[in-house]
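Here is the structure we will look at, set down as C-alpha cells.
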Amino acid sequence: MNAALFPDLVVNGEAVPHAVVAAETQNQDAPAGKPGIAWRKAANAVAIRTLLLQEAKARDLDATPEEVAPGRFETDEEALIRGLLDAAVDVATPSEAAIKAEWDKDPSRFRSHPLWEVSHILCACDPRDQDATAKALTRANGLLKIVQGADAKGFAALAARESDCGSKSSGGALGQLGPGDTVPEFEAALRDLAEGAMTQAPVLTRHGYHLIRMDAVAKGQVLPFAAVRDKIAAALEKAAWVRQSRAFIATLVATADIKGAELGTVIPQG
C-alpha cells in the first residue's frame, strides 16, 4: 500500500504519521484489491483513538496498564483510554424490573447448552497448502454427490470407507458434542443443522473438509429466571456502557477539527 496516495490525518492540529494509519489497516476488513477502503476505515479508527488520547491527556489522567490475558498487558495508550472511559461513563446497575422485563420478552432465549449427536466424513488437508486444499475440496464434493439423500447407514458406510478421521472405525460417529467441544467452524455448521440433515456443502476447518450429518439433537432446556438473572443484568449493563461510550465519543467528534478522516457522526461499534 502506497501511503503517499492518501491524505494526511490531522486531529485537532496533531499530525498523525502515515505509518500509524498504515499499521491499523491490518485490523480492518476490506475487499481484496481495495486498499482505499482499508485506509479510510483505519484513518477513522486512528482518529477516534487520537481524540480519546488527547482528552485523557487534557484531563491529566494517569492509568497503569492492566493484565488482559496471562502474560499480556495493556499498552500505555490502551490503559489511558480505559481510564478515560471509566471516568466519563457512569452506568447505573439495572433495576430488578428491567432485568425481569428483559427475560419476559422471550424466556426461550435462555437455555441450557444443546447436545448434538454427529457423524462426519473428513477429507484431510492443511488449509495453508492451496494445492492440497483444492484436491481435498474436489474429493469432498465427489463424496457429497454419492452420499446426498443417503440414510444414516449409507452415510456410515461411506465414512467407514473414505473418511480420513479415526472415527471411520465407527462409521464417522463422533458421539455427543456440546458447545466448545469442537473447532468453531465445525460448531457453526452444527448450529444450522436439523436432525437427520447433512451439510449441503463441505465445511472447511483447520483439519480439512468435512461432510457433516446431524444424527440427533437435544435442545437445551429453557432456564428459570433465577438461573439467568445475573447473566441478563451483566448484558444490560454492558449494553448501557456501550451506548454511553458511543455518545461520549460522538461529543468529542462533534467538537473536533479532523482532516484526513470521514467521521461525520461515526461512532465505533462495540
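The values are calculated or read from the model by the stated rules, or taken from the named source; none is laboratory data. Bear in mind the structure is a predicted one, so any value in this text is a computation, not a measurement. So basically every Cβ, Gly included, is an ideal-geometry build from the backbone, and we count neighbours across all protein chains shown.
Taking segment 155-185 on its own, how many of its residues are touching a residue at least 60 places away in the same chain (Cβ under 8 Å) and assigned to a helix (DSSP H, G or I)?
Summing the residues that are touching a residue at least 60 places away in the same chain (Cβ under 8 Å) and assigned to a helix (DSSP H, G or I) in segment 155-185 gives 0.
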(request) Looking only at segment 165-174, decide whether some residue is modelled with pLDDT under 95 and either at positive phi or acidic (Asp, Glu) (or both). (result) no
(message) Pairs please, first residue from segment 200-226 and in a strand (DSSP E or B), second anywhere and polar (S, T, N, Q) and surrounded by fewer than 17 Cβ atoms within 10 Å (Cβ to Cβ), Cβ atoms under 7 Å, 6+ apart in sequence or on different chains.
(response) 222/108
(request) Considering each residue of segment 104-118, count those that are part of a helix (DSSP H, G or I) and either within 16 Å of residue 220 (Cβ to Cβ) or aliphatic (A, V, I, L, M) (or both), and give that number. (result) 3
(message) Being surrounded by 14 or more Cβ atoms within 10 Å (Cβ to Cβ) and not in a helix (DSSP H, G or I) is the filter here; which residues of segment 131-153 pass it?
(response) 150
(message) I need a count of the residues in segment 108-132 that are closer than 30 Å to residue 225 by Cα, more than 22 Å from the chain's Cα centre (by Cα) and of a type in the set (A, V, I, L, M, F, W, C).
(response) 2
